[in-house]
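These notes concern the structure reproduced below.
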Amino acid sequence: MRPHPAAPVHRYPVGAVHAAAATLLLVSAAGVLAQGLSEARTALAFGALIAVGEAVRITLPGDREQAPICAAGALAYALLGPLRGLPTDQGVLQVVAVSTAAGLLGLLPYAARRRAPQPDQIARRILTTGFAATLFQPLYNSGALDRITTRGAQYGLLLAAVAVLAALCDVVLAAALHSARTGRRFGPALRDELRALLGIGSAIAATGLVISLGAGEVGLWALPVFSAPLLLTQLSFRRYSATSTTHRQSVASLARATEVAGYTLPGHSRRVAALSRAVGRRLGMREHDLLLLECAALMHDIGQLSLVEPVPGGATALLPQAEQRRIARLGSEVIRHTGVPPEVAGFVERQAEPYRTPDGARDPGLPPASRIIRAANAYDDLVSGDPGLAGRLEALERLRLDTGREYDPRVVEALALVCAGGCPRGTRR
């Protein structure tokens, strides 16, 4: 398929976040250069923790990159009050400058392999750290917290409140950037980020809080001691992510069986999966549901392996309704023995059912994933003979004409927007 124009990006929110982060970093660097580095030994210790944490970042399911120890170290430095009973005075500007410089240092190995994180992640880290430091450091350095004992529960509750607010700030920034770059609605993006916060995000906030409190009692030894549990958690997430990646690769390999056997055109399953995921994202589906949708779309044609003679071009969308349902049912039976979540088999089985029942009523029990796969599969089948612009427009027009019975109108319109906005990764022929 010929590449579509580049996907539209709402550059104002992205540019505003990047500009705010760059401005804060420049002001912080200038402030540290003008005033000098306070508590150099402490800054070096926290900087080392942040750099090491950035160097051992992980990739979570859903392709989310995260550096838990780095984020916890930056939060702990922003919330650092007394150190072994003695006051500190690093201030907001130094917290931002040291945290960012150490994080960039930890990214050097990735930059050398051209795998450095996107600027969005760096901007979020700068703004979130600056936000946490702004909430706490002025109160502490001005003496406004002198009436609150550093050993009491009130002080811990204050730090916990700041850590929660900082985590929410990062969630809002992440959702805004994701929404601006993908065109996805802000609400669903925010819900996904909040769910992610309940996982590794809560461990990051708790570790940052404990390090800052522990440093007040035992000094800099709190950094390695209280980072160890988060490191073990990170290793567990890394193992889970590796298992998830292996499972997805196995599903993708199984999906290619129809191509190897000559039942479908090369890349068909991959293209349908990419289109389905893009449409589901456009419709506001949750990240977990998108993963199930992608898995079902990859294996939607497995039932064709039961056919004695391949369908011409593998185009099941052009077959009679009864044959489509038979192939879908056989495919779902195979999928139930692959170890994937049971919902996936259900999505595949019901992909052959039309959007409306014979009496014209909408089928309320038809899963959204099945509706999406049905439309994406039909689109790729229809453009297989003419992948040019005229063929794509004709395919979309045919889908629109069939929305009276066969296809969900919302899915077809979302598919049209996806195709107009840019060719999803993995759909090029």
Next on the checklist: Please pick out the residue among Arg248, Arg256 that is open to solvent by 70 Å² or more (accessible area, probe 1.4 Å), touching a residue at least 40 places away in the same chain (Cβ under 8 Å) and over 21 Å from Thr42 (Cβ atoms).
Outcome noted: Arg248
Checklist entry - Just one of the numbered conditions (1) over 28 Å from Arg184 (Cα atoms); (2) modelled with pLDDT under 85 is not true of Gln304; which one? => result (2)
Next on the checklist: Checking Val348 against (1) within 20 Å of Tyr263 (Cβ to Cβ); (2) more than 27 Å from the chain's Cα centre (by Cα): exactly one of these is not met. Which one?
Outcome noted: (2)
Checklist entry - Which number in (1) touching a Ser or Thr at 6+ places or on another chain (Cβ under 6 Å); (2) under 24 Å from Leu173 (Cα atoms) marks the one condition that Pro82 misses? => result (2)
Checklist outcome for this item: Considering residues that are over 14 Å from the mean Cα position of the chain (by Cα) and of a type outside the set (A, V, I, L, M, F, W, C), the number found within the range 186-215 is 6
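To keep it simple, each residue is scored yes or no on (1) in contact with a strand residue (DSSP E or B) (Cβ under 6 Å, 6 or more places away or on another chain); (2) of a type outside the set (Val, Ile, Thr); (3) touching a residue at least 12 places away in the same chain (Cβ under 8 Å); (4) surrounded by fewer than 16 Cβ atoms within 10 Å (Cβ to Cβ).
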| residue | (1), (2), (3), (4) |
| --- | --- |
| Leu159 | no, yes, yes, no |
| Ala167 | no, yes, yes, no |
| Val171 | no, no, yes, no |
| Ala175 | no, yes, yes, no |
| Leu198 | no, yes, no, yes |
| Leu209 | no, yes, yes, no |
| Ser212 | no, yes, yes, no |
| Ala215 | yes, yes, yes, no |
| Leu220 | no, yes, yes, no |
Next on the checklist: If Thr338 meets every condition in (1) within 25 Å of Asp402 (Cα to Cα); (2) among the polar types (S, T, N, Q); (3) part of a loop (DSSP other than H, G, I, E, B) apart from one, which number is that one?
Outcome noted: (1)
Next on the checklist: Tell me the residue from Ala322, Ala369, Ala361, Ala317 that is small (Gly, Ala, Ser) and open to solvent by less than 20 Å² (accessible area, probe 1.4 Å), please.
Outcome noted: Ala369
Checklist outcome for this item: Taking the range 400-419 and keeping only residues that are touching a residue at least 40 places away in the same chain (Cβ under 8 Å), in a helix (DSSP H, G or I) and open to solvent by less than 40 Å² (accessible area, probe 1.4 Å), one is left with Val411, Ala414, Leu415, Val418, Cys419
Checklist entry - In the range 377-387, is there at least one residue being under 27 Å from the mean Cα position of the chain (by Cα), under 26 Å from Cys295 (Cβ atoms) and assigned to a loop (DSSP other than H, G, I, E, B)? => result no
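Yes/no per residue for (1) at pLDDT 95 or above; (2) over 25 Å from Arg238 (Cβ atoms); (3) not acidic (Asp, Glu):
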| residue | (1), (2), (3) |
| --- | --- |
| Asp63 | no, no, no |
| Pro68 | no, no, yes |
| Ala71 | no, no, yes |
| Leu80 | no, yes, yes |
| Leu83 | no, yes, yes |
| Leu86 | no, yes, yes |
| Asp89 | no, yes, no |
| Leu104 | no, no, yes |
Checklist entry - If you go through the range 177-196 one residue at a time, how many are among the aliphatic types (A, V, I, L, M) and open to solvent by 30 Å² or more (accessible area, probe 1.4 Å)? => result 3
Checklist entry - In this structure, is Leu145 in contact with a helix residue (DSSP H, G or I) (Cβ under 8 Å, 6 or more places away or on another chain), assigned to a loop (DSSP other than H, G, I, E, B) and either closer than 18 Å to Ala78 by Cβ or open to solvent by 30 Å² or more (accessible area, probe 1.4 Å) (or both)? => result yes
Next on the checklist: For the range 9-38: of the residues being over 28 Å from the mean Cα position of the chain (by Cα) and open to solvent by less than 70 Å² (accessible area, probe 1.4 Å), which is farthest from Cys169 (Cα to Cα)?
Outcome noted: Gly36
Next on the checklist: Which residue is farthest from Leu197 (Cα to Cα), if the candidates are limited to the range 278-290 and must be within 13 Å of the chain's Cα centre (by Cα) and open to solvent by 10 Å² or more (accessible area, probe 1.4 Å)?
Outcome noted: Arg281
Item to check | Residue tally, condition in contact with a helix residue (DSSP H, G or I) (Cβ under 6 Å, 6 or more places away or on another chain) and within 17 Å of Arg374 (Cα to Cα), over the range 290-313 | outcome: 14
Next on the checklist: Going residue by residue through the range 179-195, is there one that turns out to be assigned to a helix (DSSP H, G or I), in contact with a strand residue (DSSP E or B) (Cβ under 7 Å, 6 or more places away or on another chain) and modelled with pLDDT under 80?
Outcome noted: no
Item to check | Criterion (out of contact with any Phe, Trp or Tyr (no Cβ under 6 Å at 6 or more places or on another chain), within 17 Å of Val344 (Cα to Cα), open to solvent by 10 Å² or more (accessible area, probe 1.4 Å) and in contact (Cβ under 8 Å) with a residue 24 or more places away in the chain) met by exactly one of Leu305, Leu293, Leu330 | outcome: Leu330
Checklist entry - Which residue out of Thr134, Thr129 is in contact with a helix residue (DSSP H, G or I) (Cβ under 6 Å, 6 or more places away or on another chain), farther than 26 Å from Val56 by Cα and among the β-branched types (Val, Ile, Thr)? => result Thr134
Checklist entry - Pairs, please: C-beta under 9 Å, at least 6 apart or cross-chain, first residue farther than 19 Å from Ala205 by Cα and in the range 222-245, second assigned to a helix (DSSP H, G or I)? => result Ser244/Leu291
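The values are calculated or read from the model by the stated rules, or taken from the named source; none is laboratory data. Owing to the predicted nature of the structure, the values given are computational and were not obtained by experimental measurement. Every residue, glycine among them, receives a Cβ derived from its backbone with ideal geometry; neighbour counts consider all protein chains shown. Side chains included, ligands, DNA and RNA excluded: accessible areas come from the protein's heavy atoms. Shrake-Rupley method; radii C 1.70, N 1.55, O 1.52, S 1.80 Å.
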